[in-house]
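Note sheet for the following structure.
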Amino acid sequence: MKKALPGLLLLAAMVLFAFTMKDPLPLGSAIPKADNKLKDISGKEVTLKNAVKENGLLVMFSCNTCPVVINNQARTKEICQYATSKSIGVVLLNSNEADRNNSESLTAMQAYAKGQYYSWYYAEDKNNELADAFGASRTPECFLFDKNGKLVYHGAIDDSPSSDAASVNRHHLKEAMNEMVSGKEVSVKQSRSVGCSIKRIS
């Protein structure tokens, strides 16, 4: 019985995880919890609804500490700047509530964003409410909404989680933005996000 106990505990944890995690937001869905008030690094409150610009909204789940986020930070900044240039609103969300009193505090977020010269929203996702509503599980993980507030792309920034930008063969998110803004249907609507798991509260 003692030998079987670790296996039973693992199985129980997997079942609990399966029941607490939602499926990702389906394509074509409206922006979830768009009126939720989120505290931004500026100290002010922002909502996803207010962040939408003329051509839509990019929501990216991110953080301060994930090695994949850090290694790909240049690409995060580049795509956020590109979105802004295309009149697409940008909100980065930090849903790591389990580490909120430490490395993912608002103060730590402010310091990280200042070091990276962020010029877009970077906000706390209190109690993982938006991460749960989006079905987000990773950092970084991207959700692109069109001007009508409908989800047209979900997944990674590009096809390589490596820190070597030369290893990228396709810029999924950038291509989706280009197609969306030009009025075309997004050709690659989903891709696999690779990164750290979001540290939810228990």
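None of the figures in this text is laboratory data; all of them are computed from the coordinates on show. Note that the structure is a prediction, hence the values are computed from the model and not measured. Glycine gets a Cβ as well: all are built from the backbone with ideal geometry, and neighbour counts include every protein chain shown.
Report, largest value first, the span of the C-alpha coordinates of the chain along each principal axis, in whole Å.
62, 37, 36
Over 13 Å, how big is the tail of the calculated P(r) for the range 60-119, in percent of all Cα pairs?
On the way: 1116 of 1770 pairs.
Of all Cα-Cα pairs in the range 60-119, 63 percent lie more than 13 Å apart.
Relative contact order for the chain: what percent, with Cα pairs under 8 Å and sequence separation of 6 or more? All intermediate terms of the calculation are to be shown ahead of the outcome.
Working: 378 pairs, mean separation 53.1, N = 202.
Relative contact order here is 26 percent.
In the chain, with Lys and Arg counted as +1 and Asp and Glu as -1 at Cβ, which of these residues, Cys196, Ile157, Val186, has the Cα nearest the positive end of the dipole, that is, farthest along it?
Sorting the options by dipole projection puts first Cys196.
For the range 137-202, just say rounded, prolate or oblate: build the C-alpha gyration tensor, square-root its eigenvalues into a ≥ b ≥ c, call rounded for a/c under 1.5, and beyond that prolate if a/b exceeds b/c, oblate if not. Before the final figure, lay out the partial values.
Details: a/c = 3.12, a/b = 1.26, b/c = 2.47.
Cα axes put the range 137-202 in the oblate bin.
Could you tell me the center-to-center distance, by alpha carbons, between the range 146-202 and the range 46-82 in angstrom?
If you average the Cα positions of each part, the centres end up 11 Å apart.
Using Cα pairs under 8 angstrom and six or more residues apart, how large is the relative contact order of the range 103-202, in percent? List each step's numbers first, then the result.
Working: 112 pairs, mean separation 27.4, N = 100.
Relative CO of the range 103-202 lands at 27 percent.
Quick check: convex hull of the Cα atoms in the range 89-202, volume per residue, rounded to a whole Å³?
Details: hull volume 13.8 nm³, N = 114.
About 121 Å³ per residue, rounded to a whole number.
Does anyone have the angle between helix 73-85 and the longest principal axis of the chain? Alpha-carbon axes, 0 to 90°, nearest 10?
Relative to the chain, helix 73-85 is tipped by roughly 40 degrees.
Among the Cys residues of the chain, which have no other cysteine Cβ under 4.7 angstrom away?
Among the cysteines of the chain, those whose Cβ sits 4.7 Å or more from every other are Cys63, Cys80, Cys142.
Which of Ser85, Ser160, Ser103 moves the most in a Gaussian network model of the chain with Cα springs under 10 Å?
Largest GNM mean-square fluctuation: Ser85.
At 222 nm, what helix-only mean residue ellipticity would the chain give, in deg cm²/dmol to the nearest 500, using -39500 (n - 2.57) for each DSSP H run of four or more?
Numbers: 7 runs with 66 residues, N = 202.
Value at 222 nm, helices only, nearest 500: -9500 deg cm²/dmol.
Once you have the Cα-Cα distance between Asn169 and Gln73, take 0.36 nm times their residue separation minus that, and quote the gain in nm to one decimal.
On the way: separation 96, 0.36 × 96 = 34.56 nm, distance 1.78 nm.
Value of the extension gain: 32.8 nm.
Using Cα springs under 10 Å in a Gaussian network model of the chain, which residue among Glu104, Glu45, Glu141 shows the largest mean-square fluctuation?
For the chain, modelled as a Gaussian network with Cα springs under 10 Å, the answer is Glu45.
Where a Cα-Cα gap under 16 Å defines reach, which lysines qualify for Lys150, not counting those fewer than 8 residues away within the same chain?
Lys33, Lys49, Lys53, Lys184, Lys189
In straight Cα distance, which aspartates and glutamates are under 19 Å from Lys174, not counting same-chain residues fewer than 8 positions off?
Straight-line reach from Lys174, under 19 Å: Glu54, Glu78, Glu141, Asp146, Asp158, Asp159, Asp164, Glu185.
Would you mind working out the magnitude of the charge dipole of the chain relative to its Cα centre, with +1 at each Lys and Arg C-beta and -1 at each Asp and Glu C-beta, to the nearest 20 Debye?
240
Springs between alpha-carbon atoms under 10 Å, Gaussian network over the chain: tell me which of Ala34, Ala166, Ala133 tops the mean-square fluctuations.
Among Ala34, Ala166, Ala133, the largest GNM mean-square fluctuation belongs to Ala166.
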